[in-house]
1. How far, in degrees from 0 to 90, does helix 220-231 lean away from the longest principal axis of the Cα atoms of the chain, to the nearest 10?
2. 7 Å from Cα along Cα→Cβ at both ASP141 and GLU21: what's the point-to-point distance in nm?
3. Taking only protein heavy atoms and a 1.4 Å probe, what accessible area per residue, in Å², does region 19-128 have with all protein chains in place?
4. Between the helical axis of 531-541 and the dominant principal axis of the chain, each derived from Cα atoms, what acute angle in degrees is found, rounded to the nearest 10?
5. 222 nm [θ] for the chain, helices only, -39500 (n - 2.57) per DSSP H run of 4+, per residue, to 500?
6. Going highest first, how would you order 22-34, 226-238 by mean Cβ packing within 10 Å?
7. Just for the chain, what percent of DSSP beta bridges are antiparallel, to the closest 5?
8. Highest mean first, what order results for 467-475, 378-386 on Cβ atoms within 10 Å?
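The values are calculated or read from the model by the stated rules, or taken from the named source; none is laboratory data. Just so you know, these numbers come straight off a predicted model, no measurement behind them. Counting neighbours? That spans all protein chains shown, and the Cβs are built from the backbone with ideal geometry, glycine included. Ligands, DNA and RNA are excluded from the accessible area calculation, which covers all protein heavy atoms including side chains. Shrake-Rupley method; radii C 1.70, N 1.55, O 1.52, S 1.80 Å.
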Amino acid sequence: MSADETVATRVAQALKRHGVELIFAQSLPSAVILAAEAVGIRQIAYRQENMGGAMADGYARRSGRIAVVAAQNGPAATLLVPPLAEALKASVPIVALVQEVERPQFDRNAFQELDHVGLFQPCAKWVRRVITAERVDDYVDAAFTVAGSGRPGPAVLLLPADLLREPAPKSLHPRLATLGSWPIDRSRPGDAAIAAAAELLAEARLPVVMAGGGVLTTGAPQALARLQETAHLPVVTTAMGKGAVSETHPLSLGVLGPLTGPGSLGRYSRQFLEEADVILLVGTRTNQNGTDSWRSLPRFARIIHLDVDPGEIGRNYEAALRLVGDAAETLNVLAEVLTSRDLSQRRAGREKLERQIARTRAAFEADRGTILARNATPLRPERIMTELQNCLTPEMTVVADASYSSMWVVGQLTALKPGQRFLTPRGLAGLGWGLPMAIGAKLAEPQAPVVALVGDGGFAHSWAELETMVRLGIGVTVIVLNNGVLGYQKDAETVKFGHYTSACHFAPVDHTAIARACGCNAMKVERTEDVMPALRGALSADAPWLIDIATDPDAHPSLSLFDGTLDRSEPSRFAMEEV
């Protein structure tokens, strides 16, 4: 140990011990960033803290490692609040290192002094300020432990600037643990609870699994796929749970949530959930969007709810059986127990069930085919999603911005394997996070292609990060759905009030000019025949690319909100056919 080792050096060494390879920062706290770069930790210098926090979010979701973001005190710290709030709601582990004013300056109206404890408490699991050099390793380890254990989420460590320059005393109890991957601890329910769940599923007439974002932790998609196949269980996912199972599996029902309007897959697949007598909820908050405003689950169904957070179990639907534990650990044991149960009835009914599910997919494709046959200009997003699907590989990560971009991705694309990643900011659904989350996802798995789908409204929040992509050589393909409007706002206001405000229309923006000004490759697309060549060219380059596609301002996803309002409500084709 060097005699001139400082607290900042000790922080950097602790990060290195936890396997941290990247830190999302903008040079501050300077002492920490300099020390981190000195020990080989790469700084990913964002242009704005809101975007840096979203980069950390995308990195943590895609890598299975706890992300680290850093910021200056005061206004910079306030800009970390939105992405940390998203991470808290979406259960994403992030450690935020935030500089404080010097300790002798506390509570003296120092420059950019702010109550950071009060600022971050509503949007983090844990907020602490380090006061003494002797406790540095303790606090760094505690931050990682809190972020990556139990229900994951953000932890904030406040670092006074003068403390970072102090000599670090030799530790009497050196810490050796590596805590950078998550989940840190895996627990599962007791054998009796798992046996009871197995009995309920084995004896059910029409059981269904609803999987949320908690099923996308390491190993959980594979465990769910095993359960799906072993127990012959149909699986539906929430928007955040998309990719938890392969949607090419004959027992996969796709994403439900609010996507139940005319022309959606959910229009047909929702019947399976409505008729279920036993529903296994896994890793879902049963939130408004995940349950179509709490209308999706039938009142008579018996609920088995598996979640790592006991407070989420029974929050909105009383659970007949509570399973508190890690998704991967619990699902693997549950699948194993079910192999010793009598599943002959489920096995005998599987062929008919698969035919019913195939019929729902065929009905959806027929509806989509009607839209695509019009070959309209400006282009329909469904056409763009169809072309993107043809480029999709199991290793590709697709990231969407909030609002309609998320709905086009989760409702129109098909996951090709258990665990394929579709990242959507559905915790708080703030606009602008699609591009930075994609940057984080690409840094997490540099060899895997990453596509970001953003609307022109959301993209305006984050287009400065195109320069970040170029400067750091981050090969993300950004698709801008350029329709000149705030789509959801325009449509929702029309449904609720009969008209919409003047904020919903934009002046024309040349996104390709903005991209080229940053040194990013860019192309405009206005015709159907140009979509596929543009996608293939950008994806094959593995370089920063922007594709600006002129899209129909009146196109909208098939949300239940628009059923019978913007969209003509028709009887479900699936419901009319004998199954």
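1. So the helix axis and the longest Cα principal axis differ by about 30 degrees.
2. Taking the simple label geometry, ASP141 and GLU21 are separated by 2.5 nm.
3. Numbers: 3930 Å² over 110 residues.
I get 36 Å² per residue for this part.
4. The answer is roughly 40 degrees.
5. Values: 22 runs with 224 residues, N = 579.
Counting only the DSSP helices, I get -11500 deg cm²/dmol.
6. Numbers: 22-34: 20.9, 226-238: 23.2.
The densest-packed peptide leads the list: 226-238, 22-34.
7. Numbers: 3 of 69 bridges.
Approximately 5 percent, going by the DSSP bridge assignments.
8. In descending order of packing, they fall as 378-386, 467-475.
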